[in-house]
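Accompanying notes for the structure given below.
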Amino acid sequence: MSTIKNTRVSYNHIEIGNALSENGVEYVFFKGVASAAYYKNPDIRTMGDVDNLIHPEDTEQVHNLLLNIGYTTNDDITKKENHIVYVRRLNGVR
């Protein structure tokens, strides 16, 4: 089961990374894929989500990019200072 979940999260890393890079947004992924590299067997590091850091001034641009590629959020970006949660549902699966 962890391999399936890791594959889904890896896809999200690629999709988000491509969208940010193609639009000139500087970012850093942390935890997840970055941490898995330190495990003898990366498959045992079950990933749950994609965590990244961006410059605060890029928040609105990144918000719009994520909405455009199919992510949703219930968070009000005008009220969050450092953490916004986005969700992508594929075929009803998170």
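Mind checking which residues of the range 62-81 are of a type outside the set (Val, Ile, Thr) and either at positive phi or touching a strand residue (DSSP E or B) at 6+ places or on another chain (Cβ under 9 Å) (or both)? Leu66, Gly70, Tyr71, Asn74, listed by residue number. Which residues, taken from the range 70-91, are in contact with a helix residue (DSSP H, G or I) (Cβ under 6 Å, 6 or more places away or on another chain) and exposed (fewer than 14 other Cβ atoms within 10 Å of the Cβ)? Within the range 70-91, Ile77 is the sole residue that qualifies. There is at least one residue in the range 11-33 that is out of contact with any Asp or Glu (no Cβ under 9 Å at 6 or more places or on another chain), modelled with pLDDT under 70 and surrounded by 12 or more Cβ atoms within 10 Å (Cβ to Cβ).
The values are calculated or read from the model by the stated rules, or taken from the named source; none is laboratory data. Only a predicted model underlies this, so the values are computations on that prediction, with no experimental measurement involved. Please note: Cβ atoms are built from the backbone with ideal geometry, for glycine as well, and neighbour counts cover all protein chains shown.
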